[in-house]
Amino acid sequence: MSKGLPKRSEDYSLWYNELVKKAGLAENSAVRGCMVIKPYGYAIWEKMQRQLDDMFKATGHENAYFPLFVPKSLFEAEEQNAEGFAKECAVVTHYRLQNDPDRAGKLRVDPNAKLEEELIVRPTSEAVIWNTYKNWIQSYRDLPLLINQWANVVRWEMRTRLFLRTTEFLWQEGHTAHATAREAIAETEQMLEVYATFAEQYLALPVIRGIKTPSERFAGAVETYCIEGMMQDGKALQAGTSHFLGQNFAKAFDVKFATKDGGLEYVWGTSWGVSTRLMGALVMAHSDDEGLVLPPKLAPIQVVIVPIYKGEEQLAQITEKVNQLKRELLAKGISVKFDDRDTERPGFKFAEWELKGVPVRIAIGARDLENGTAEVARRDTKEKSTQQFATLADYIPALLDEIQENIYTKALNHREEHTTKVDSYEEFKQVLETKGGFVLAHWDGTAETEERIKEETKATIRCIGLNTPEEDGVDLVTGKPSKRRVYFARAY
């Protein structure tokens, strides 16, 4: 098959868009700015969702579901949140259509069906959830309240890109309530670590754990924690956020609880989320000019077996051997596909599964049957080897673990090679233009300096690293004192 993919080195953006489409992950829809996630792409999302859901439940969270629509009066109750999302909101104003009297066979909005109060299509669910929590929380016995929901949200985007930025996207959003600030902060940090663990152990993406600057903070939060990954083109991608909300939403929605000593206090809140943007990270962090490179833990198909045969008799003999191997691998929790289609040649199949990023490909033909062997090809390095068929069921699981680790190590090495300390503004700009990646530089802590650097270089402060040591220095632009370096980068 002809993949027809552009090269990353020539047009990284076009390469990404074409790969997402050609690998069968997603495509543009009839609705501008919205996407159709195709079965293969959705299968990857399901694996992400399943693993994250298990991790949430292991930390005591339960799933619930809240309405898609938020009354405008609820949405504007927390002023910072409302202001932060106002320009991205889709608004429902009417509840009915009618036949258009001036155009036969067409419909129009019924002018008599105007809603008494507009409904916001949720860009995030804090408002409707905290309004609900007011009824759920009366006493300290009701705390902590640990809720997650899997949902879709809408943020009206003018410039969209599949998975990375779409008008509608899928995500999960956790919303918790606690008796003390200390407990809420501990929850915020715990969920950030859950995200970081998922990113590194499953997505094979090394991430920087950090705190956002006030200007990059979630609207309505006291503190926003984040994980930042680096893509192959040297741009950063925010891969998850966890917010300490303080008592902002509790006060906006009057959510109080009776304390053990008989007092009445506002609860402390958190919210946290990751979205289908992780699919974009998966593609951009690891894939190559031949197609997807999927970490085995998230690959819908971990092993594909391609028979090479002449005639039905050879196919039957190969199939008998393959079915035995499939049973052994499936028993070990490994997903296997036997591609015995008679409509495509082996070369086409090899190229197709390479494009789709299947971690391991096994080819077996008549000569392999005689020798008791099979050819094993790994997607990450494209290396091929001949293995004894009888020991494949033991060899493959170890190989998948090795591939997972190798993909992570390659991404980590890339990040380390593209993380640069600078001490002057000229060097800062030069690194951004010639090398890219994370730039560690001193910042004076002011929004004015942050905004100036953003306007002049298109680089933003991705985070203040949680593990960044204190270090006396001076701001690149103003020369004012600084206590630590922060992570700058151009970003998606």
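Looking for whichever is in contact (Cβ under 8 Å) with a residue 24 or more places away in the chain and part of a strand (DSSP E or B) here; the options are A411, A363. Which one fits? So that I can check it myself, show each step before the final result.
Values: A411 fails: part of a strand (DSSP E or B).
Going through A411, A363 in turn, the sole match is A363.
Being open to solvent by 30 Å² or more (accessible area, probe 1.4 Å), part of a strand (DSSP E or B), free of Cβ contacts under 8 Å to residues at least 12 places away in the same chain and not acidic (D, E), is that true of even one residue in region 377-388? First the steps, then the outcome.
Of region 377-388, the ones open to solvent by 30 Å² or more (accessible area, probe 1.4 Å) are 381-388.
Okay, now just the ones that are also part of a strand (DSSP E or B), so 384-388.
Cutting the leftovers down to free of Cβ contacts under 8 Å to residues at least 12 places away in the same chain gives us 384-385.
Remaining after also requiring not acidic (D, E): 384-385.
Looking for residues that are open to solvent by 30 Å² or more (accessible area, probe 1.4 Å), part of a strand (DSSP E or B), free of Cβ contacts under 8 Å to residues at least 12 places away in the same chain and not acidic (D, E), one finds at least one in region 377-388, hence yes.
Output the number of residues of region 201-235 satisfying the condition of being in a loop (DSSP other than H, G, I, E, B), in contact with an Asp or Glu (Cβ under 9 Å, 6 or more places away or on another chain) and of a type in the set (D, E, K, R).
Qualifying residue count for the region: 2.
Select from region 133-144 the residues that are closer than 19 Å to F56 by Cβ and open to solvent by 30 Å² or more (accessible area, probe 1.4 Å) and list them in ascending order. Reasoning before the result, please.
Initial filter on region 133-144 (closer than 19 Å to F56 by Cβ): 133, 136, 143-144.
Result: W136, P144.
Are there any pairs with C-beta distances below 7 angstrom linking a residue in region 49-61 that is outside any helix (DSSP H, G or I) to a residue that is of a type in the set (S, T, N, Q) and surrounded by 11 or more Cβ atoms within 10 Å (Cβ to Cβ), with the two at least 6 apart or on different chains, and if so which?
T59/Q190; H61/N148
Out of all the residues in region 243-258, which are more than 17 Å from T124 (Cα to Cα), open to solvent by 20 Å² or more (accessible area, probe 1.4 Å) and not in a strand (DSSP E or B)?
Q247, K251, D254
Here is a yes/no grid of residues against (1) farther than 25 Å from E46 by Cα; (2) modelled with pLDDT under 95; (3) surrounded by fewer than 21 Cβ atoms within 10 Å (Cβ to Cβ):
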| site | (1), (2), (3) |
| --- | --- |
| L146 | no, no, yes |
| T166 | no, no, no |
| L205 | no, no, no |
| T213 | yes, no, yes |
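So, F198, is that one closer than 30 Å to K47 by Cα, open to solvent by less than 50 Å² (accessible area, probe 1.4 Å) and part of a helix (DSSP H, G or I) or not? Before you say what the answer is, go through the steps one by one.
Numbers: closer than 30 Å to K47 by Cα: yes; open to solvent by less than 50 Å² (accessible area, probe 1.4 Å): yes; part of a helix (DSSP H, G or I): yes.
For F198, the condition - closer than 30 Å to K47 by Cα, open to solvent by less than 50 Å² (accessible area, probe 1.4 Å) and part of a helix (DSSP H, G or I) - is met.
If a residue must be hydrophobic (A, V, I, L, M, F, W, C) and farther than 16 Å from V153 by Cβ, how many such residues does region 48-77 contain?
Filtering region 48-77 down to residues hydrophobic (A, V, I, L, M, F, W, C) leaves 48, 52, 55-56, 58, 64, 66, 68-70, 74-75, 77.
Among the residues that remain, those that are also farther than 16 Å from V153 by Cβ are: 48, 52, 55-56, 58, 77.
Of the residues in that region, 6 qualify.
Do we find a residue being under 29 Å from L25 (Cα atoms) and among the β-branched types (V, I, T) anywhere in region 382-393?
No, the conditions are met nowhere in region 382-393.
Return the only residue of A151, A179 being modelled with pLDDT of 95 or more and either more than 15 Å from S271 (Cα to Cα) or touching a Leu at 6+ places or on another chain (Cβ under 7 Å) (or both).
Working: A151 fails: either more than 15 Å from S271 (Cα to Cα) or touching a Leu at 6+ places or on another chain (Cβ under 7 Å) (or both).
Within the list A151, A179, the selection yields A179.
Output yes when any residue across region 95-116 is touching a helix residue (DSSP H, G or I) at 6+ places or on another chain (Cβ under 9 Å) and open to solvent by 40 Å² or more (accessible area, probe 1.4 Å), and no when none is.
Within region 95-116, the first condition is being touching a helix residue (DSSP H, G or I) at 6+ places or on another chain (Cβ under 9 Å), and the residues that meet it are none.
No, that holds for no residue.
What's the total number of residues in region 437-456 that are open to solvent by 10 Å² or more (accessible area, probe 1.4 Å) and in contact with a strand residue (DSSP E or B) (Cβ under 9 Å, 6 or more places away or on another chain)?
6
From the set of residues in region 268-326 that are within 30 Å of Q138 (Cβ to Cβ) and either assigned to a loop (DSSP other than H, G, I, E, B) or of a type in the set (S, T, N, Q) (or both), which is farthest from the chain's Cα centre (by Cα)? Before you say what the answer is, go through the steps one by one.
Taking region 268-326 as the starting set, the residues that turn out to be within 30 Å of Q138 (Cβ to Cβ) are 268-273.
Those left that are additionally either assigned to a loop (DSSP other than H, G, I, E, B) or of a type in the set (S, T, N, Q) (or both): 270-271.
Values: T270: 20, S271: 16 Å.
Among them, the one singled out is T270.
Return the only residue of F488, F428 being surrounded by 18 or more Cβ atoms within 10 Å (Cβ to Cβ), more than 30 Å from V336 (Cα to Cα) and in contact with a Leu (Cβ under 6 Å, 6 or more places away or on another chain). Give the steps one after another, and end with the answer.
Details: F488 fails: in contact with a Leu (Cβ under 6 Å, 6 or more places away or on another chain).
Being surrounded by 18 or more Cβ atoms within 10 Å (Cβ to Cβ), more than 30 Å from V336 (Cα to Cα) and in contact with a Leu (Cβ under 6 Å, 6 or more places away or on another chain) holds for just one of F488, F428, which is F428.
Just to check your reading of the model, which residue among G240, G273 is of a type in the set (G, A, S), buried (at least 21 other Cβ atoms within 10 Å of the Cβ) and in contact with a Ser or Thr (Cβ under 8 Å, 6 or more places away or on another chain)? So that I can check it myself, show each step before the final result.
On the way: G240 fails: in contact with a Ser or Thr (Cβ under 8 Å, 6 or more places away or on another chain).
Every option except G273 fails the conditions.
Could you say which residue among A127, A186, A181 is within 22 Å of E223 (Cα to Cα) and in contact with a helix residue (DSSP H, G or I) (Cβ under 9 Å, 6 or more places away or on another chain)? Let's see the steps before the verdict.
Details: A186 fails: in contact with a helix residue (DSSP H, G or I) (Cβ under 9 Å, 6 or more places away or on another chain); A181 fails: in contact with a helix residue (DSSP H, G or I) (Cβ under 9 Å, 6 or more places away or on another chain).
Answer to the check: A127.
The values are calculated or read from the model by the stated rules, or taken from the named source; none is laboratory data. Quantities reported herein were computed from a predicted structural model and do not represent experimental measurements. No Cβ is skipped: glycine too gets one built from the backbone with ideal geometry, and neighbour counts run over all protein chains shown. Areas reflect the complete protein model, heavy atoms only, side chains present, ligands, DNA and RNA absent. Shrake-Rupley method; radii C 1.70, N 1.55, O 1.52, S 1.80 Å.
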